[in-house]
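Readers should treat all values here as calculations from the given coordinates under stated rules, not as data from a laboratory. Model, not experiment: these values are computed from the prediction. Using ideal geometry, Cβ is built from the backbone for each residue, glycine included, and neighbour counts are taken over all protein chains shown.
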Amino acid sequence: MAIVNVSKQDLASVYSAKEQLRNYYSGLKRPIYYYVHTYGCQLNESDSEKLIGTLEDIGIREGNEDNADIVIFNTCAIRENAEDRLFGNLGVFKARKRENKELMIIVCGCMMKVKENVDRIKSSFPYVDIVFDPQQIHNLPLLMLDKIGRRKQLIDISEEDFIVEDNLLSVKRARKFRALVPIMYGCNNFCTYCIVPYTRGRERSRDFNEIIDELKLLAENGYKEVMLLGQNVNSYGKGDNFDKSFADLLRAAAEIEGFSRVRFMTSHPRDLSDEVIDIMSEYKTLETHLHLPVQSGSDRILKEMNRHYTREQYLRTALKFREKLPEGSISTDIIVGFPGETEEDFKDTLSMVNEVKYDSAFTFQYSIRPGTKAANYPNQVPKEVVTERFGRLLELQNDFVNKSNQSKVGLVEEVLIEGESSTAKDILTGRTRSNHLVNFTIPEDFKLNGKLISPSNPASACCASQFEGKLCNVRITHSRPYSIDGVMESIIDG
Ligand code: SAH
Ligand code: SF4
Ligand code: F3S
């Protein structure tokens with residue numbers, strides 16, 4: 001499979017298709033709406049921001065499930081339940097096709113790289129208009145233009161892996177102060193349980209200077225938080241004749257003026273260098289949170305998973321981080337019930353949790369992904385055994401989450417404000433540098449830019465938006481199972 005660097009010239013036909021679509025839709029003399037449903041990870045969210053940016057450029061407006069003319073499902077294939085949700089949601093749109101002849105149903109994302117899923121759409125969902133894969137986000141206008149006026153389902157799955165720099169596309173960021181910035185695409189690791197190398201293609205890094213230019217522009221435009229994204233950010237630049245590493249990129253990002261937080265995801269334990277941990281401890285803008293997926297605590301299972309590290313090596317990295325950043329936090333991903341996992345192997349995972357004391361963890365029951373190596377392993381673990389182990393893991397891990405939250409009580413933490421809490425009025429929500437979720441109140445008669453903000457005043461309901469994206473100090477007063485509570489003490493940058 002070839003990796004193709006797409007230039008501005010290569011996109012000439014895409015830009016022209018956009019222009020033609022703009023004319024077509026404005027000729028309809030009524031507002032045209034889109035609705036994009038995103039499943040899966042932040043890379044998919046980032047792709048959706050590009051799809052939405054393109055649609056808005058064409059003049060299509062944000063709508064909802066009920067009024068949309070252009071409906072996009074950006075799918076995820078990581079586990080079976082992610083797939084089930086798509087087919088459930090698609091059915092709803094069948095009847096709507098008869099009512100609105102402009103209705104265009106588009107399915108893209110990782111699931112479309114799996115042949116069985118495309119075959120199922122062909123046979124059971126003929127009313128889906130367009131199917132394309134995640135490598136072709138930039139081709140949306142060409143595909144839409146192609147489909148207009150033609151009855152047949154349009155299926156376009158590419159054989160190539162593309163690099164398209166963000167500045168060549170339109171991006172509509174979902175959040176005002178936080179930007180997702182992919183620094184690389186694809187994955188070469190082929191962990192034996194994982195579908196991603198098949199859906200996202202070969203690992204390829206974006207140009208260093210292009211990323212830095214994008215980050216500088218984001219800072220100039222008032223973005224306060226950036227999340228550098230990749231399946232394996234630590235291998236940024238490897239094998240591409242690059243002279244820059246992830247450590248170089250992280251340092252350069254941390255030095256850009258204007259950002260309050262620079263975050264990154266995901267670190268593969270095999271490739272995380274000591275240098276990156278050192279850099280994390282040097283710069284105040286870098287989060288003190290490390291997401292370091294362990295998957296299993298058993299050397300035997302790690303080998304079967306093709307993870308390329310041992311329990312000892314993982315622990316060394318985790319302990320080095322704890323030593324350098326004692327106030328920081330570590331989160332992880334764990335799979336329970338990988339084929340052949342014995343009670344002994346599982347106990348190794350529990351003891352790993354006990355040793356690292358994860359501040360948070362995403363725990364998953366192993367899901368067979370057809371086409372991956374582990375799908376053919378003969379010794380699949382029975383469902384009831386997986387469920388039972390999963391319960392034990394959750395119980396242990398929840399205890400550590402609780403303890404991590406409790407350890408913050410009494411401290412004053414720097415919090416980046418995300419907005420008003422979704423569950424309670426007059427309560428703001430945000431994250432500490434260590435990625436702890438904080439809900440906090442504003443004291444009576446608080447002053448922002450010299451203006452009095454009083455939470456008890458009904459007019460101050462509008463005040464949440466004034467705080468979004470600002471850094472503040474919060475005194476932590478209580479801990480809960482999944483969050484901490486506090487009171488704002490002062491605004492740092494307002
Ligand atoms: N690139 C990241 C992970 C991306 S997928 C990394 O290597 O860490 C996110 C998580 O989904 C993985 O860390 C893994 O824990 C989980 N996952 C992936 N495939 C899975 C499968 N077949 N069954 C269950 N969990 C899976
Ligand atoms: Fe999947 Fe492994 Fe690649 Fe992560 S590193 S995306 S788990 S194959
Ligand atoms: Fe899912 Fe694809 Fe992300 S499989 S987790 S959307 S890379």
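Maximal additional length on extending the Glu116-Lys238 stretch stands at 40.6 nm, based on 0.36 nm per residue less the C-alpha distance. In terms of other Cβ atoms within 10 Å, Leu471, Leu180, Leu319, Leu154 run from fewest to most in the order Leu319, Leu154, Leu471, Leu180. Take Ser351, project a point 7 Å from its Cα along the Cβ direction, then tell me which residues of the range 283-302 have their backbone nitrogen under 18 Å from it. Hits in the range 283-302 for Ser351 at 18 Å: 294-302.
Report the full-extension gain for the segment Asp248 to Lys172: residue separation times 0.36 nm, less the Cα-Cα distance, to one decimal in nm. Please list the in-between numbers first.
Working: separation 76, 0.36 × 76 = 27.36 nm, distance 2.76 nm.
Full-extension gain reported as 24.6 nm.
Projected label points at Leu396 and Ser7, each 7 Å from Cα along the beta carbon direction, are separated by 5.6 nanometres.
Note on Tyr482/Glu444: beta-carbon distance plugged into 1/(1 + (r/R0)^6) with R0 of 41 Å gives a FRET efficiency of 0.90.
In loop segments of the range 129-170 as defined by DSSP, the GluC sites (Glu not before Pro) with at most 14 further C-beta atoms inside 10 Å of their C-beta are Glu159, Glu160.
Summing Cβ point charges (Lys, Arg +1; Asp, Glu -1) relative to the Cα centre of the chain gives a dipole of roughly 1200 debye.
Note on the range 195-261 and the range 20-56: Cα centroid distance 25 Å, given to the nearest whole angstrom. Judged by the mean number of other Cβ atoms found within 10 Å, the most tightly packed of the peptides 142-152, 33-43 leads the ranking 33-43, 142-152.
If I stretch the segment between Glu65 and Glu489 completely, what's the gain in nm (0.36 nm per residue apart, minus their alpha carbon distance), one decimal? Walk me through the intermediate numbers first.
Details: separation 424, 0.36 × 424 = 152.64 nm, distance 4.16 nm.
Fully extending the segment from Glu65 to Glu489 adds 148.5 nm.
Arranged from fewest to most other beta-carbon atoms within 10 Å of their beta carbon, Thr332, Thr288 become Thr288, Thr332.
Within the range 209-276, report the GluC sites (Glu not before Pro) that DSSP leaves as loop and that have at most 11 other Cβ atoms within 10 Å. List each step's numbers first, then the result.
On the way: sites: Glu210, Glu214, Glu220, Glu225, Glu255, Glu257, Glu275; in loops: Glu255, Glu257.
Passing both the DSSP loop test and the Cβ count: Glu257.
Taking a span of 15 Å or more along the helix axis (Cα atoms) and a mean Kyte-Doolittle hydropathy of at least -0.5 as the rule, the DSSP H helices of the chain that qualify are 208-220. When both the range 410-444 and the range 72-128 are represented by their alpha-carbon centers, they are found 38 Å apart.
Loop-resident trypsin sites (Lys or Arg not before Pro) (DSSP state other than H, G, I, E or B) in the range 228-315 with no more than 16 further Cβ atoms inside 10 Å of their Cβ: Lys238, Arg270, Lys284.
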